[in-house]
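Here is the structure we will look at.
The values are calculated or read from the model by the stated rules, or taken from the named source; none is laboratory data. Small disclaimer: the values here were computed from a predicted structure and weren't measured. Here the Cβ positions follow ideal geometry from the backbone for every residue, glycine too, while neighbour counts run over all protein chains shown. In case anyone asks, the SASA skips ligands and DNA or RNA and just uses the protein heavy atoms, side chains included. Shrake-Rupley method; radii C 1.70, N 1.55, O 1.52, S 1.80 Å.
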Amino acid sequence: MNVLVTGAGGQVGRELVELCIAEGDDVTAADHARLDVTDRDAVLQLCQAVRPAAIIHAASWTAVDACESDPERAHAVNAAGAGYVAEAAKEVGAHLVHISTDYVFDGTKPTPYDESDVPNPMSEYGRSKWAGEQAVAAVSDDAAVVRISWVCGRYGNNMVKTLLRLAADGVDPKFVDDQIGHPTIVADLVPVLRRFALEHRGGLFHVTNQGAVSWFEFARAVFKAAGADVARVGPISTKELDPPRPAPRPANSVLDNAALRRLGWPLLPHFEESLHQLVRELV
């Protein structure tokens, strides 16, 4: 497969590029230095030069709190940029796989969110990503839009790396016990993204590991996987955070992988199975 990966320097993009190369694909790895997705002409020119069969759009500004104070940049990258990539994909006849987020939901639903639930984002990051989904849909009726949550992998900054650092430094951290979600381990995610691209599969999908947990429970799982004393991790409520986070977080981020089940594809494993492998690699 001739595939273009945007955001190739990010935690999803880097592992995706590695997988595609290992599978023998012809990969154009476009990190931010090579491609600024807010530059419409640059996006089109690269796609015309490469003529990929598929584009996996992993480029995104995911700094949730920073997005809250700079909504213009958030929308330029996450919304307008997504639209430019969708336009370019249509121009060159490439199948598009676009990555989105659980933050498109407000978190008030008492049960997991499936693909039929209507988004209602509460943060600038969530609003920009929802606008990105809409920008893709306005251009393409056959793209795959893939929502993920609580992403952790071998590259970039993520909660697993933070927790391993706290454990090694002897810190006894507190994590919120009133925000729940499904972790997404990048090594499990990227084969699904590649399969969407390879098979030109379209639609809206939630793709996460299984196992709903609070951040407090997830932190304990990381400490346990690292051989640290889980009793060192304490619970705290969102209201008790000092200082409070600038961007609101959805209390319920659990994404039901209903569309993936309907396809008959295997779901990603329980996050604890993959977390142990990730911790071994990072440590």
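The set of residues from region 252-283 being among the hydrophobic types (A, V, I, L, M, F, W, C), part of a helix (DSSP H, G or I) and more than 17 Å from Trp150 (Cα to Cα) comprises Ala258, Ala259, Leu260, Leu263, Leu282.
Going by what's in this entry, would Val222 be described as aliphatic (A, V, I, L, M), open to solvent by less than 40 Å² (accessible area, probe 1.4 Å), on the phi < 0 side of the Ramachandran plot and within 18 Å of the chain's Cα centre (by Cα)? When the stated conditions are applied, Val222 does not pass them.
Within region 177-199, the residues that satisfy the criterion of being in contact with a strand residue (DSSP E or B) (Cβ under 6 Å, 6 or more places away or on another chain) and more than 24 Å from Asp117 (Cα to Cα) are Asp177, Ala197. Exactly one residue out of Val279, Val254, Val233 is among the hydrophobic types (A, V, I, L, M, F, W, C), surrounded by 14 or more Cβ atoms within 10 Å (Cβ to Cβ), closer than 18 Å to Leu163 by Cα and within 20 Å of the chain's Cα centre (by Cα), and it is Val279. Of the residues making up region 118-137, those that are hydrophobic (A, V, I, L, M, F, W, C) and either touching a helix residue (DSSP H, G or I) at 6+ places or on another chain (Cβ under 7 Å) or outside any helix (DSSP H, G or I) (or both) are Val118, Met122, Trp130, Ala131, Ala135, Val136.
Of the residues making up region 135-170, just one is closer than 27 Å to Glu87 by Cα and either without any contact (Cβ under 8 Å) to a residue 12 or more places away in the chain or among the aromatic types (Phe, Trp, Tyr) (or both), namely Ala137.
Residue-level check: of (1) on the phi < 0 side of the Ramachandran plot; (2) outside any helix (DSSP H, G or I); (3) open to solvent by 40 Å² or more (accessible area, probe 1.4 Å), His200 misses just (1). The conditions of being of a type in the set (Asp, Glu), out of contact with any helix residue (DSSP H, G or I) (no Cβ under 8 Å at 6 or more places or on another chain), open to solvent by 20 Å² or more (accessible area, probe 1.4 Å) and over 18 Å from Val190 (Cβ atoms) are met by Asp41. Screening region 236-251 for residues that are at pLDDT 95 or above and part of a loop (DSSP other than H, G, I, E, B) and picking the one that is most open to solvent (accessible area, probe 1.4 Å) gives Pro246. Taken over region 60-94, the residue count meeting the criterion of being open to solvent by 20 Å² or more (accessible area, probe 1.4 Å) and either in contact with an Asp or Glu (Cβ under 6 Å, 6 or more places away or on another chain) or in a loop (DSSP other than H, G, I, E, B) (or both) is 8.
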